[in-house]
Structure formats: structure tokens, C-alpha cells
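Colleague: First the structure, which I've put down as C-alpha cells, then a few questions once you've had a look.
The values are calculated or read from the model by the stated rules, or taken from the named source; none is laboratory data. All figures in this text were calculated on a predicted structure; none of them were measured in a lab. Glycine gets a Cβ as well: all are built from the backbone with ideal geometry, and neighbour counts include every protein chain shown.
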Amino acid sequence: MLIHCLQHVPFEGPFGIGDWAAARGHELRVIPLYDGVAPPEPADYDWLVIMGGPMGVGDAGRYPWLAAEKDAIRRGIAAGKTLVGVCLGAQLLAEALGARVYRHREREIGWMPIDLTAAGRASPVFGFLPPSLPVFHWHGDTFEPPAGAVHLARSAACEQQAFLYAGRVLGLQCHLESTPESVAGICAACADELVPGPHVQSAARMLAAMPEDYARLQAALFGILDRLPQ
């Protein structure tokens with residue numbers, strides 16, 4: 001299987017998704033949109049993965065490549081491809097499916113649990129997970145649920161943590177792909193966002209995560225990706 005991964009900034013790469021692809025024998029090609037590389041055509045890939053980034057879906061004025069990326073996402077959905085969006089990627093998927101994306105009332109940054117909805121517990125993609133799972137977050141925006149999508153998970157700070165549309169378009173607001181390297185990278189690059197709040201942890205707290213925290217994320221991520229159409 002050939003996976004194309006749209007990357008918006010150098011420090012938010014596929015990380016755990018790349019580890020899954022390597023473990024399963026899939027080819028993963030990273031597309032650095034920030035370097036002016038054009039997004040792929042639907043015929044060029046089996047899966048399209050859309051990563052996170054500090055920009056928002058409405059920032060095409062500052063990041064002109066967002067317009068081409070949005071068009072590529074819409075065409076990938078229309079072509080029946082499997083798409084996975086993480087954080088900003090989930091917001092781009094939600095917008096492509098007609099949902100409103102907007103600034104959340106507060107940032108959610110750090111290690112905090114998500115809780116599966118009833119639909120998530122019954123889902124063939126999410127149902128193997130425990131009802132509550134500590135995961136890594138870093139976002140200030142959120143979205144309304146896309147029409148026709150299954151709402152899979154929520155958190156105390158943010159109602160929309162995961163959705164699945166048509167059994168093959170997965171939006172993950174949280175970062176299941178996180179590794180010690182990725183957490184260190186975003187803590188360094190986005191340190192200005194660590195303004196104290198009820199759902200914002202310190203960099204020291206986030207960087208103190210244990211190996212078992214990352215092992216739990218990897219098991220969840222691998223299990224979810226294994227259950228998507230290939």
C-alpha cells in the first residue's frame with residue numbers, strides 16, 4: 001500500500017504513523033507542503049494522511065498552499081480513498097465535509113484522557129480501545145461534527161476528538177502518533193502557546209511522560225490504522 005502524508009511544518013511529521021507503515025510493509029511518502037511541493041492526485045496513492053500544524057484552516061492568506069491542499073482533500077474523499085487527519089488534518093477533513101471549524105474556548109495541551117462515545121465503543125475501528133484512554137493533545141481550534149460522520153470520542157475540554165465518515169475518513173483531534181521526539185519538537189517550536197489554563201500542562205510535565213505512555217499510544221494507533229480500509 002502507498003501512503004502519501006501531507007506535512008505542514010517540519011516538526012509535525014508522521015512519527016508513529018510512519019512506524020506503523022514500516023511495521024506493516026507499506027510505503028510512506030512525506031509531502032512537505034511548506035516547501036512548495038504540490039499535493040498528490042488521488043490516483044497516486046492508496047491512503048492520504050494529513051498532519052497537524054500551528055496554522056488554521058482559514059489561514060490560506062498566509063499559507064497559499066492550503067487552497068491546493070483543501071482541493072486535494074476534497075478530491076480524495078470523492079474518489080473513495082482512505083484519509084486520516086491529525087489535529088489540523090482532522091479540522092481540514094471536517095471542513096471538506098461541510099462542517100464549521102472555529103477557535104475553541106480554550107487550548108487543550110498535554111496528556112489528558114479521551115472517552116469513547118457509545119458509537120465509539122460500538123465502532124469496528126475504535127471498539128477495541130478501553131472506554132477511557134490518556135493521549136497527547138495540542139490544539140486551540142475545534143470543529144462541528146460533519147454531517148453523516150460517526151462521533152467516536154470526546155474529552156473534558158473538547159467534545160470533538162475523533163470522527164469516522166463513510167467508514168474510511170478518520171479525523172483525530174488528538175495526537176496518537178506522538179513519540180518522545182515529536183513531543184519535544186512541538187514543545188520547543190510552540191512554547192509561546194503554553195499559557196496557563198485549565199487544560200494546559202507545562203512543558204516539563206509533558207516531557208516527563210513514561211515509556212508506557214507512548215507504548216499505550218502506539219498500541220491504540222496501530223490498532224486503529226489496522227482496522228481502516230486498505
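Colleague: For the stretch 7-25, which residues satisfy the criterion of being among the β-branched types (Val, Ile, Thr) and more than 12 Å from Asp226 (Cα to Cα)?
Modeller: Passing the criteria: only Val9.
Colleague: Which of (1) part of a strand (DSSP E or B); (2) in contact with a Leu (Cβ under 6 Å, 6 or more places away or on another chain); (3) within 21 Å of Thr82 (Cβ to Cβ) does Pro146 not meet, given it meets every other one?
Modeller: All conditions pass for Pro146, except number (1).
Colleague: Here's something else I'd like to know. Let me spell it out: the conditions are (1) surrounded by 14 or more Cβ atoms within 10 Å (Cβ to Cβ); (2) at pLDDT 95 or above, and Glu212 meets all of them except one. Which number is the exception?
Modeller: (1)
Colleague: If Gln230 satisfies all but one of (1) in a helix (DSSP H, G or I); (2) of a type outside the set (Ser, Thr, Tyr); (3) surrounded by 11 or more Cβ atoms within 10 Å (Cβ to Cβ), what's the number of the condition it fails?
Modeller: Only one criterion in (1) in a helix (DSSP H, G or I); (2) of a type outside the set (Ser, Thr, Tyr); (3) surrounded by 11 or more Cβ atoms within 10 Å (Cβ to Cβ) is unmet by Gln230, namely (1).
Colleague: Any chance you could count how many residues in the stretch 87-113 are part of a strand (DSSP E or B), touching a helix residue (DSSP H, G or I) at 6+ places or on another chain (Cβ under 9 Å) and either among the aromatic types (Phe, Trp, Tyr) or surrounded by fewer than 18 Cβ atoms within 10 Å (Cβ to Cβ) (or both)?
Modeller: Result for the stretch 87-113: 1.
Colleague: Looking at the structure I just gave you, is Leu152 under 30 Å from Asp35 (Cα atoms), under 14 Å from the mean Cα position of the chain (by Cα), aliphatic (A, V, I, L, M) and not in a helix (DSSP H, G or I)?
Modeller: no
Colleague: I need every pair where a residue in the stretch 112-137 that is without any contact (Cβ under 8 Å) to a residue 60 or more places away in the chain has its Cβ under 8 Å from the Cβ of a residue that is part of a helix (DSSP H, G or I), sequence separation at least 6 or different chains.
Modeller: That search, which allows pairs on different chains as well, returns Gly127/Gly120; Gly127/Arg121; Pro131/Arg121.
Colleague: If you check Asp35, Asp71, Asp46, Asp59, which single one turns out to be over 22 Å from Leu164 (Cα atoms), of a type outside the set (A, V, I, L, M, F, W, C), surrounded by fewer than 17 Cβ atoms within 10 Å (Cβ to Cβ) and under 19 Å from the mean Cα position of the chain (by Cα)?
Modeller: The conditions single out Asp59.
Colleague: Could you tell me which of the residues Gly52, Gly18, Gly56, Gly13 is in contact with an Asp or Glu (Cβ under 9 Å, 6 or more places away or on another chain) and part of a helix (DSSP H, G or I)?
Modeller: That would be Gly18, the only listed residue that is in contact with an Asp or Glu (Cβ under 9 Å, 6 or more places away or on another chain) and part of a helix (DSSP H, G or I).
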